[in-house]
Every structure is written in C-alpha cells, then in structure tokens.
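The values are calculated or read from the model by the stated rules, or taken from the named source; none is laboratory data. Note that the structure is a prediction, hence the values are computed from the model and not measured. Note: ideal-geometry Cβ built from the backbone for every residue, glycine included; neighbour counts use all protein chains shown. Just so you know, the surface numbers come from the protein's heavy atoms only, side chains and all, with ligands and any DNA or RNA stripped out. Shrake-Rupley method; radii C 1.70, N 1.55, O 1.52, S 1.80 Å.
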Amino acid sequence: MEQKTPVTVAAGDGIGPEIMDATLRILDAAGARLDIEKIDIGERVYLSGNTAGIAPEAWDSLRRTKVFLKAPITTPQGGGFKSLNVTVRKTLGLFANVRPCVSYHPFVETKHPVMDLVIVRENEEDLYAGIEHRQTREVYQCLKLITRPGCEKIVRYAFEYARLNNRKKVTCFTKDNIMKMTDGLFHKVFDEIAAEYPQIKNEHWIVDIGAAKLADTPEKFDVVVMPNLYGDILSDVAAQITGSVGLAGSANIGEHVAMFEAIHGSAPDIAGHNIANPSGLLHGAVMMLVHIGQPDIAQIVHNAWLRTIEDGVHTADIFKEGLSRELAGTDAFGDAVIERLGQRPETLNTAEYPHEGEKISLAYARSVDSSQIRKATVGVDVFLEWTGGSPDALGKRLESANGGGVKLQMITNRGVKVYPGGMPETFCTDHWRCRFMTDREGASMETAEIVGLLERIDGLGLESIKTENLCTFDGEPGYSLGQGQ
Ligand code: NAD
C-alpha cells in the first residue's frame, strides 16, 4: 500500500465545517492518500484569549506535516485580533499566493467565456509589512517594503510555474512610473529573470491600465505576477469576473510549508444551511494534491468536478434558471462529484496533471552579493512636525542649523518641494521633510554629524519626528528627488 501523506486540516468557522466535510469526502472517495491531523483555528481560539487565532500546539502540527488545508475563518470584530492568514503566511514564509481564475462557460454565467489565467501574488512584503505610524497630529504613514530577495523569489516562482504548467506568457504589473525605487526594483528583477526564460513571452503593464485590461480582456493574460497589494485586489477581481468568487481556490507556497484554501470567507450569512458551494475549497485541495505528489488523484477529482458543473448540478450561488439542471446543497453537490469520479468533462477542457511532474524548486540563492555593494551616506532627511507659518519661514529658520559640512538642500511637504522657491498654491500639512546634504565631496556622513544636526534643530525649537539616511549604492542615489526638485 502506498504511503499516506500527513496533512494538517482546519475546518474553520461559518460554512467552513460544511465545505470541509464535502471536500474531505470527495478526496477520500477519490483515493487520496492522506493522513489527516485536525487543528482548531479561528473564532473560538480568538475568543478564548489567543489574539492570533491559532493555538501554540497547532504550529507543531503545521511544522510536522508542512501541508495545511484550511477552511475560511471568521475574524472577530474589534481591535486586538490579528489576521490569522497574515500571521500564518508571514510566520511560515509563504511567499507565493497562487490563484488560478478560470471561467466555465457556458455552464457558469460569465462575461468572459475564454478566461484561464493564474495570478501569482507576492505574499509577504509591500504595504503588508504592517509598519504604520502616526507621525504628527495630521499625518499617518505605512511603510512599503520591497526587497530584492522577495522580488527574485516571487518572479522566479511565476516563471517556473509557467514553464512547468505549459503557460506561454508571464505579465508583470507595477506602478514604477510613480514608485521608481520600490516598484522599479520589482520590474527590474522581472526583466532580469524573464531574460532567463526566452521560451516564455513576457510583458509589463503599469498596474492601472493593466488592471483595466485584465477586467476587460482577461483572455489576453496567462500568468500575472504582482506585488502584494495589487495582487490582493486584482486576484479578487479576476476571480469574480470568472462568474463567482465562490469557485476559486488558492495556494500559499513557502520554502518549507504550503497552505491551501478557498479564496472566499466564512460566509456567516449562509452558515449551517447546507447551501454553501464547496468548490473553492475543493480547488484548493486539488492544488494540494499536486503539491504533495498525488497528481493522479488531483486529476480524477478535478475532472469529476468539471463534469458535475457541465451536468448542471449547481449550488445556489451559481444556479441559473435555464443553465442549471439541479439545485444542489453542499452535501448533495459533494455526492454528485463523488458519483462522477472517473468521468471527464465533455465540453470544458479536461484537467491534466502530469504524473511524473517536475516540482518547482523553492531553494533560494541570492543573485547579488550585497556585501560587495559600496554604500556611502551623503545626507539625511529630517522630518519635522511644525505648524508655525509659511515654508519660507521654516526654511530661513532651518538654514541656521547648517554647519559642520551639512547644508539644507530643500524642504518638501507631502513630497512636493516648498523651499526654496515653492509655489504659494501648494497645500501644506504639519509634516515637513527637510533634506540636508553633506558638502564634503566623496565623504560618508558620520552618525555624530547627524546627531549634531538634530541637536542644532532641537536648539531652534523645532520638533524632529524621524530621520532617514540618504545613501548611495555603488555611486547610485538610493533616494528619490522631491517633486519639483
Ligand atoms: P465572504 O466571502 O465570507 O462572503 C461574501 C458573500 O459571498 C456572502 O454573501 C456569502 O454568502 C457568499 N459566499 C462566500 N462563499 C460562498 C460559498 N462557498 N458558497 C456560496 N456563497 C458564498 O466574505 P465576508 O462576508 O466579507 O466575510 C465573512 C467573514 O469571513 C469575515 O469574518 C472575514 O474576516 C472572513 N474572511 C476569511 C477569509 C479566510 O479565512 N481566508 C477570507 C475572507 C474573509
């Protein structure tokens, strides 16, 4: 008898237990070789005083099995509760979120009959680092962190996914016309890695027009790779326009552990009524079967599901008079898939998972030896909270902090240069970025010089709220210019 693969399973909240039950029954009937360990996550765990929604012993199971099939959970309202998904993704380093979005025309109503794309979303970085501050009475900030290793891992994953799944094109979305450094890095790494895959087409779109094209002509896309925030939003858009968010599953892949789930939430409005669609979770489970080396079972399950949809056995969320033949509850839909195990779709494309498939290598080696990069501090941005008058008044006052080889270069307010030579129309808040540069050609600024500058600014009765060093890397400036500079 073939060995069973240990898998951690959480039934979650709301419709979670119902759709998990249907999913596990289908997997069992299809002959999936699973050794299931159940863990408790979600509302009950949160309300028992655990702010992360997952008990400490559950981590032991996840570390042991390295595979997690997770039903949706309810995050309790109110402060203090941390998102379980974000915690699990970040703690276990699940850097890639993979979400296939497929339409099932003519069996599920959709405006986009030939859509079949996969969104590969970076899962750990970007604005989701969760580093936010209220810096002044009027201004709040959220740090957007993009790293070279993070970009390399996700972009390579997207190209490897395309190669192994016989996809023809990888598209990248960023906003690098505005965020030249952070999104610029993502785009640059995309171009570098794309060059290693000449057999796969590649293209880049600015995310705004890219998103418009994705919503309008999704059939033109194949694999789409994006930083975290754009991926979060656009993977929901892509899933929705296939006809229903209730159908899509997703995989969260890390070097050590992987998590599989439906993309929808716990749907408390329909929980307990046996009417929820288990298809999203089932699709997550199909991806899990491929991941754990049971593509034979994945293929049997996926094709039985396609046949069920073709036969018009539909749950309420996708049921349409004239298109559907039988309105099925969660259990009955599960039974209908089980009855069709071994059958294939007649109209829709058959699901094929190569049995001796090569797996995507997740081992990561840095492509750049960062210890060899020459770094020099050439200035410092000092941020002030100030409401004392015009930008010129602030500029004149700050000029007297010049000295010791450090000189005020400009002041910006919300990124726009307001001193010297600002425009009277520019709206100003209480948050000023004051850029001081060293005038010692070729020398790197010392920390003591920055501390000395802060003391002089403090002596002028001005309140500094943070500093940001301005560095060059191999002579290239590692900071953006002020708008209007
Ligand atoms: P939701 O996805 O739970 O529900 C949105 C709508 O879609 C509801 O009308 C619901 O009935 C319907 N729906 C969702 N899944 C369905 C299915 N399988 N079959 C039929 N209809 C379905 O989103 P929401 O209402 O915004 O969130 C509810 C709860 O879920 C919240 O507590 C939220 O935090 C949580 N949530 C969890 C996850 C997760 O665990 N991965 C993801 C999103 C939301």
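Results, tabulated for the structure shown:
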quantity	calculated
Solvent exposure ordering (accessible area, 1.4 Å, most first) of TRP386, TRP205	TRP205, TRP386
Karplus-derived 3J(HN,Hα), 6.51/-1.76/1.60, for each residue of the range 430-444, Hz, glycine and proline x	8, 10, 10, 9, 10, 9, 10, 10, 6, 9, 8, 3, x, 9, 8
Extension gain from THR51 to ARG414, taking 0.36 nm per residue of separation minus the Cα-Cα distance	127.2 nm
Cut-off under 5 Å, modelled amide H: who pairs with VAL67 long-range	THR8, ALA258
Cut-off 14 Å between beta-carbons: net charge of the residues surrounding GLU326, Lys and Arg +1, Asp and Glu -1	-2
Positive-end residue, the chain charge dipole about Cα centroid, Cβ charges, pick of TYR46, ALA267, ALA332	TYR46
Gained length - ASP208 relative to GLU476, 0.36 nm times residue gap less alpha-carbon distance	93.6 nm
Extension gain (nm, one decimal) between ARG163 and GLU339, 0.36 nm per residue minus Cα-Cα	60.0 nm
Hz values of 3J(HN,Hα) by residue in the range 424-429 - Karplus curve (6.51, -1.76, 1.60), Gly and Pro given as x	x, 6, 5, 6, 10, 9
Sorted peptide list for 369-375, 164-170, criterion being average Cβ within 10 angstrom, highest first	164-170, 369-375
Total formal charge among the other residues, if their Cβ is under 9 angstrom from that of SER464, Lys/Arg +1 and Asp/Glu -1	-2
Rounded Å value of the spacing that divides the Cα centres of the range 132-180 and the range 421-485	27
Of all accessible heavy-atom area on the chain, the percent that carbon and sulfur account for (1.4 Å)	51
Note, ³J(HN,Hα) from phi for the range 340-352, Karplus 6.51, -1.76, 1.60, rounded to Hz, x at Gly and Pro	9, 4, x, 8, 10, x, 9, 10, 5, 5, 5, 7, 10
Per residue accessible area of the range 376-429, 1.4 Å probe, in Å²	45
Percent antiparallel among DSSP beta bridges (both partners in the chain, rounded to 5)	65
Unsatisfied cross-links (Cα-Cα over 30 Å) in the set LYS375/LYS396; LYS188/LYS213; LYS90/LYS180	LYS375/LYS396
Coordinate range along principal axes, alpha carbons of the chain, Å, largest first	82, 53, 46
Solvent exposure of the range 104-160 as accessible area per residue, Å², 1.4 Å probe	46
